[in-house]
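Coordinate-derived values only; no laboratory data. Just so it is clear, the model here is predicted, and its values are computed rather than measured. For neighbour counting, all protein chains shown are included, and Cβ atoms are generated from backbone atoms with ideal geometry for every residue, glycine included.
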């Protein structure tokens, strides 16, 4: 068996060259076309200095070029550093600096979003290369990718993952998913999230087709949604898609991960979709995507576990003295085995703290996850909680200390804390230079703070509400008492409300009130959906409800152009049905990209 990700893909391309490898809004590619495109691009990258041990940034929008770019980087022997062009510029720049990335791959569409500094290779169809890929010596211990996760020090940290760990993950998935229909696998995760590895590589290395979508909320809008048979999902996303009736009609398998899974949701999947197999999985980035993985039966009644260890993974439930605990007794989870990553880039101290010597295997290491679990009598694991302040929001791992560091970095804030309430991240701040009593919200201050955070953090790390306090609650020992932080006041408290003024605005206020659990009369038609507690997942349901209410097609991409009821109402009341210029412009760019890509595919990908 080949022991690198790109070699496994190349072997599959030889077996099924004419099979479809990628479906996307921008076009379709066969395995032959994707193989040739990635080979040609690898030649260009190698000429610019890519090679073993060299990190190469990939800052590409979600088109087939994204997959070609990742494969090209691997073919040079380099490791890829995912840089989502939708991320804030400051965060992308930090990831480039911290990883030592001096070579960056992008496209004309994403070039403006790339950090300055590295040599930039723009994916250009006019470039030509000499045929014949030069062999590159890559071994299983070499790094395949570096993914950045939230950091407790206030800065993200890069996790270096080996080819050998990825190949072990592929082998484990072969056994676990045997018999599942992988002919169409949805790829909706950002490449900065390690679930993307699970969506892309088991598919392309085993002959399936990747169905690229912009994000999970765009899934119902994909022209290829009927080709999706296999879906990786975060529970909160699945609930939203089920509520909106937005799941693929030919769905057969669902793999959950990223958040605790409840039996009620599993039952809904079996009852409301065509899926006949559901799995639950768990794993930190440091352990190569998933390290436990198990089926959740249709006729079960117990809450799902996170499954048994995958083949090749070593899992320990230990006490504070690193002694094994018996089934039923909670303890901290430690991981070892083939999937264990190298450690953290440029973080020797943190690597030493988290990747510790394995007391049961001489000369080997294990990763201290910080997760508390208990072992069942059947050898599966039940998730209990955390030993620290790491949380999950929409499946993304967040260190609350990083959010708090960014909040206190705002000039308006003296002290800050953050917690998760329900599925929403909430920030608590003591304002700078202001003395007040009680708990309150301030729309202008929230807009100023979240506006600054939006330039530094990805959207899932920006608090959905900012609560003002006269002081943070403390324990008798003088530490922050998170449990004593109050519930956020109702949105809009203490500030004037611009009421709905037209029948359309009244109808929209009713829909927003239904989604956000607010009284329609309390909703300010000039207030942004996100500032009232909404999020991108709710946009799926909002689009469906508006389509039914107004008998007019409303798409999720359209809703990204509107912030409040007032602007939505003006659009809906436009008798001509004209689409706003921002939406028209985006659609024109997408049409041009699709036409160009189809033209290139028709010419053989050269």
Requested in this report: Would you mind ranking 318, 335 so that the residue whose beta carbon has the fewest other beta carbons within 10 Å leads the list?
Outcome: 318, 335
Report task. Please order 392, 298, 264 by the number of other Cβ within 10 Å, starting at the fewest. Result -> 264, 298, 392
**Report entry** Mean residue ellipticity (222 nm) of the chain, computed from DSSP H runs ≥ 4 via -39,500 (n - 2.57), nearest 500
**Finding:** -9500 deg cm²/dmol
Requested in this report: Starting from the Cα of residue 112, step 7 Å along the direction of its Cβ; do the same at residue 517; then give the gap between the two resulting points in nm.
Outcome: 4.0
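Taking the highest mean first, how do the peptides 343-355, 365-377 order by number of other beta carbon atoms within 10 angstrom per residue? Please list the in-between numbers first.
Working: 343-355: 16.2, 365-377: 18.8.
Ranked from most to least packed, the peptides come out as 365-377, 343-355.
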Report summary line: Yeah, segment 419-525 with a ≥ b ≥ c from its alpha-carbon gyration tensor (a/c under 1.5 is rounded, else prolate when a/b outruns b/c, oblate otherwise) is prolate
Query raised in the report: Sorted by packing (mean other beta-carbon atoms within 10 Å per residue), highest first, where do 34-40, 561-567 land?
Result: 34-40, 561-567
Query - Calculated log₁₀ intensity ratio I(q)/I(0) where the Debye formula runs over C-alpha points of the chain, q = 0.09, 0.10, 0.13 Å⁻¹ - result: -0.75, -0.94, -1.60
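Could you tell me whether segment 229-388 comes out rounded, prolate or oblate from its Cα gyration tensor? Rule is a ≥ b ≥ c as square roots of the eigenvalues, rounded for a/c under 1.5, then prolate if a/b exceeds b/c, otherwise oblate. Numbers along the way, then the final one.
Details: a/c = 2.47, a/b = 1.83, b/c = 1.35.
Prolate is the answer for segment 229-388, as a/c is 1.5 or above and a/b outweighs b/c.
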Requested in this report: With a Förster radius of 51 Å, plug the Cβ-Cβ distance of residue 90 and residue 47 into 1/(1 + (r/R0)^6) and report the FRET value to the nearest 0.05.
Outcome: 0.95
Report summary line: Everything considered on the Cα gyration tensor (a ≥ b ≥ c; rounded for a/c under 1.5, else prolate if a/b is larger than b/c, else oblate), segment 211-321 must be described as prolate
Query raised in the report: Among the DSSP beta bridges whose two residues both lie in the chain, what percent are antiparallel, rounded to the nearest 5?
Result: 60
Report summary line: Descending packing, highest mean Cβ count within 10 Å first, for 277-284, 515-522, 169-176 is 277-284, 169-176, 515-522
Report task. Quote the FRET efficiency, to the nearest 0.05, computed for residue 272 versus residue 423 with a Förster distance R0 of 22 Å and r equal to the Cβ-Cβ distance. Result -> 0.60
Query raised in the report: How many nm separate the modelled label positions at residue 448 and residue 325, each set 7 Å beyond the Cα in the direction of the Cβ?
Result: 4.6
Report summary line: Log10 I(q)/I(0) at q = 0.11, 0.14, 0.18, 0.20 Å⁻¹ for segment 48-203, from Debye over equal alpha-carbon scatterers, is -0.45, -0.73, -1.17, -1.39
**Report entry** Separation of the residue 19 and residue 262 label points, Cα + 7 Å toward Cβ, nm
**Finding:** 3.9
Report task. Evaluate 2.2 N^0.38 Å with N set to the residue count of segment 503-573, then give the Cα radius of gyration divided by it. Result -> 0.95
Report task. Report the calculated FRET efficiency for residue 361 and residue 299 (r = Cβ-Cβ distance, R0 = 30 Å), to the nearest 0.05. Result -> 0.20
